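Okay, structure first, notes after.
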Amino acid sequence: MFRWSPGADERWQEYAVEPGADTTVLDALVDVQRGQDPGLAFRYACRVGMCGSCGMVVNGRERWACRTRLSTLGRGRITVRPLYHFPVLRDLVVDMAPFTARMRAVGAAFAPSDGERRYARIGSGSGERQDIDAAIECIGCGLCVSACTMVAHNSRFPGPAALNRAFTLQRDSRDAAQSERWGVLLSDDALARCHGQGNCTDVCPMGLAPTRSIIRLRQMATARLLGVSRSGQRSVAF
Ligand code: SF4
């Protein structure tokens with residue numbers, strides 16, 4: 001287990017646990033904290049795969065601790081370390097502020113049009129809703145950001161979660177900030193930087209595919225640019 005606290009050196013520490021058939025990584029961490037090392041720091045809240053706060057790197061792969069059974073990790077030693085690409089606050093706890101900053105950088109808040117009705121008027125069967133559908137269940141766990149090698153390489157790259165969120169807004173006909181958002185998405189450090197390796201999609205615990213959202217954004221951007229050159233107008237139907 002990775003251990004670090006301010007003023008101390010990084011170190012790896014071993015703990016032994018007696019797992020049951022359904023013991024999860026989170027159960028084991030709680031067990032260690034209660035019985036062996038009360039100073040061990042990790043974050044969790046719901047324990048049932050809804051809040052996304054227990055993300056960490058287990059045996060070299062980003063996972064949510066509460067839904068990862070020890071029995072699925074094979075026999076022998078299990079390594080647990082904090083998410084990559086986030087500042088470590090202590091042990092397995094990272095500062096999620098960069099996640100929020102990336103979201104903010106792409107304008108991840110819905111911007112209602114003037115006079116927009118209060119409740120959604122987009123039918124569940126509409127093409128727009130179905131296109132967005134696959135991308136809306138993000139729980140903000142940050143696993144995809146940790147797994148993304150481009151995030152490691154380019155600090156200005158928004159990362160998979162923010163681009164996934166941006167897709168849902170660029171495809172939402174009620175949103176009024178799309179022009180502004182395209183300015184960010186089409187800059188040198190956003191859509192153009194994704195190499196399509198798909199690490200984000202591999203690790204997403206909700207089964208989302210940020211890679212697909214990025215491809216869809218690129219398709220929309222291309223159609224938009226073609227629309228501009230053909231008609232001189234910005235709007236293109238998808
Ligand atoms: S897209 Fe998936 S992996 Fe990324 S933050 Fe959202 S839920 Fe987590």
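The values are calculated or read from the model by the stated rules, or taken from the named source; none is laboratory data. All of these numbers come straight from a predicted model, not from anything done at the bench. In this analysis, Cβ positions are derived from the backbone assuming ideal geometry, glycine residues included, and neighbour counts consider all displayed protein chains.
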Original post:
For the stretch 1-22, which residues satisfy the criterion of being in a loop (DSSP other than H, G, I, E, B) and farther than 16 Å from residue 33 by Cα?
Top reply: 6, 7, 8, 9, 10, 20, 21, 22
Subject >> Residue, nearest to the ligand (Cβ to nearest atom), within the stretch 218-227, restricted to residues that are touching a Lys or Arg at 6+ places or on another chain (Cβ under 9 Å) and in contact (Cβ under 8 Å) with a residue 12 or more places away in the chain >> reply: 220
Original post:
Of all the helices (runs of 4 or more DSSP H) wholly in the stretch 178-232, which have at least 3 residues that are in contact with a helix residue (DSSP H, G or I) (Cβ under 8 Å, 6 or more places away or on another chain) and closer than 25 Å to residue 113 by Cβ?
Top reply: 178-185, 210-231
Original post:
When you look at residue 72, is it within 24 Å of residue 148 (Cβ to Cβ) and free of Cβ contacts under 8 Å to residues at least 40 places away in the same chain, yes or no?
Top reply: yes
**OP:** Hey, can you tell me all the residues within the stretch 83-139 that are of a type in the set (Val, Ile, Thr), within 14 Å of the ligand (Cβ to nearest atom) and either surrounded by fewer than 19 Cβ atoms within 10 Å (Cβ to Cβ) or modelled with pLDDT of 95 or more (or both)?
**Re:** 94, 100, 106, 136, 139
Original post:
Which numbered condition trips up residue 14, out of (1) under 18 Å from residue 141 (Cα atoms); (2) more than 16 Å from the ligand (Cβ to nearest atom)?
Top reply: (1)
Original post:
Quick one: what pairs do we get from the stretch 140-155, first residue surrounded by fewer than 18 Cβ atoms within 10 Å (Cβ to Cβ), second in a helix (DSSP H, G or I) and among the polar types (S, T, N, Q), C-beta under 9 Å, 6+ apart or different chains?
Top reply: 140/100; 149/199
